[in-house]
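Note sheet for the following structure.
Rule-based calculations on the coordinates, nothing more; no lab input. Remember, it's a predicted structure, so these values are computed and weren't measured experimentally. Note that each Cβ is placed from the backbone with ideal geometry, even for glycine, and that neighbours are counted across all protein chains shown.
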């Protein structure tokens with residue numbers, strides 16, 4: 001009994017790709033997308049091809065994971081067809097998605113966070129003063145006769 005069962009294997013000539021849907025038995029909660037790509041690559045002997053993991057979904061109450069993969073011959077074609085967010089997540093998982101700008105960003109983000117916090121605090125103080133004035137006015141009857149407060 002194999003660890004991987006092929007549910008669907010279709011050659012999509014219009015989009016120049018192969019679409020594979022398969023289930024991984026006993027790997028629910030343990031399988032990552034990059035590991036799934038390696039397993040599919042070895043099982044189907046897809047060396048030199050671009051394998052894009054589209055979806056990995058755990059089945060409720062079973063230790064099985066269903067996965068959908070697109071296999072392209074050319075990475076440029078794959079990047080044209082598949083959403084950029086998927087490639088961004090894959091690059092991040094591989095560790096290659098970091099840019100030089102991103103390295104400097106934490107200091108800038110921290111400063112921006114402090115600035116927002118100060119703005120929030122001053123806004124709270126202004127709101128508190130407004131509410132105190134309203135309460136004071138209401139407690140005095142608001143200048144109207146027969147106030148219920």
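In this rough spin-label picture, where each label sits 7 Å from Cα along the Cβ direction, the residue 73-residue 138 distance is 7.4 nm. Considering only 63, 106, 84, the mean-square fluctuation computed in a Gaussian network model of the chain, springs between alpha carbons under 10 angstrom, is largest for 106. Of 122, 66, the sequence from fewest to most neighbouring Cβ atoms within 10 angstrom is 122, 66. Dividing the summed -39500 (n - 2.57) terms of all DSSP H runs of n ≥ 4 by the residue count of the chain sets its mean residue ellipticity at 222 nm at -16000 deg cm²/dmol.
With N counted as the residues of the chain, its alpha-carbon radius of gyration over 2.2 N^0.38 Å works out to 1.93.
Here each label is just a point 7 Å from Cα along the line to Cβ, and for residue 46 and residue 25 those points are 2.2 nm apart. Note on residue 64/residue 108: beta-carbon distance plugged into 1/(1 + (r/R0)^6) with R0 of 41 Å gives a FRET efficiency of 0.40.
Using a cutoff of 8 angstrom between alpha carbon atoms and counting only pairs six or more residues apart, the relative contact order for the range 4-94 works out to 29 percent.
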